[in-house]
1. Any idea which of (1) surrounded by 17 or more Cβ atoms within 10 Å (Cβ to Cβ); (2) in contact (Cβ under 8 Å) with a residue 60 or more places away in the chain; (3) out of contact with any helix residue (DSSP H, G or I) (no Cβ under 7 Å at 6 or more places or on another chain) is the one residue 167 doesn't satisfy?
2. Of the numbered conditions (1) modelled with pLDDT under 95; (2) exposed (fewer than 13 other Cβ atoms within 10 Å of the Cβ); (3) more than 25 Å from residue 45 (Cα to Cα), residue 219 satisfies every one except a single condition; which is it?
3. Of all residues in the stretch 67-115, which are touching a helix residue (DSSP H, G or I) at 6+ places or on another chain (Cβ under 7 Å) and within 30 Å of residue 132 (Cβ to Cβ)?
4. Just checking: which of the helices (runs of 4 or more DSSP H) contained wholly in the stretch 164-264 hold 2 or more residues that are closer than 19 Å to residue 102 by Cα?
5. Looking at (1) surrounded by fewer than 17 Cβ atoms within 10 Å (Cβ to Cβ); (2) in a helix (DSSP H, G or I), which is the one condition that is false for residue 151?
6. Please count how many residues of the stretch 1-44 are at pLDDT 90 or above and more than 23 Å from residue 210 (Cα to Cα).
7. Give the residue, chosen from 115, 131, that is in contact with a strand residue (DSSP E or B) (Cβ under 8 Å, 6 or more places away or on another chain), assigned to a helix (DSSP H, G or I) and surrounded by 14 or more Cβ atoms within 10 Å (Cβ to Cβ).
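The values are calculated or read from the model by the stated rules, or taken from the named source; none is laboratory data. Please read all numbers here as calculations on a predicted model, not as lab measurements. We place every Cβ from the backbone using ideal geometry, glycine too, and count neighbours over all the protein chains shown.
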């Protein structure tokens, strides 16, 4: 049985089925990310004065990822345009570029996540806080038994508020160095994972969900670039429509990052 309106436009909507479906799906995505952005705003506005982090993310890496996604939006559009004019070789090239750009984006984001997982805030028994990146733990390190030592590269502060704004002159001029801390001096030790505080929770939620969309979109693009490209020989017009639909999803993902970048990295 032939499915109607896979190529020609529907008389009631003026667009073909797949395009109608992706627009409805993207409408639900707007509500999903809209709710998360609203949650971010409410959490930030409701935070205790001086306790909302600033400068915790590397703006340089965020800028590179923004450029990568902007370039991928262009290559996705060019891949669709190549299909429209029946230049299959150019389509393969531009879609291949999109895949490489997306994987590079995910690689940089993975590096940023790893940086947070090895970054520790250690509450000491003397009331001070040691903060820095993990260098090593001794083989006998056990926080419960209070044995062994942990080595971090960072600094010690008297108040957690001093860790909130890394853009401040005090933080910028702080001297960092390696510290060997005995387990007996540690009251609490926690990395900068999602459970660390409200900021890291919403950061990992927003960027993690976005990364999953990037990964899903990359899988779809890879399918059309690889085994799915066989449809081009049987039905080039329908294949072109599918490329357009996947491109609409990809542009939405790019647009979400355009909002995430200034909200998380620049404020």
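1. Result: residue 167 passes all but (1).
2. (1)
3. Of everything in the stretch 67-115, those that are touching a helix residue (DSSP H, G or I) at 6+ places or on another chain (Cβ under 7 Å) and within 30 Å of residue 132 (Cβ to Cβ) turn out to be 68, 104, 105, 106, 108, 109, 112.
4. Answer list for the stretch 164-264: 198-225, 236-260.
5. With respect to (1) surrounded by fewer than 17 Cβ atoms within 10 Å (Cβ to Cβ); (2) in a helix (DSSP H, G or I), residue 151 is out only on (2).
6. The number of residues fulfilling the criteria is 0.
7. Answer to the check: 115.
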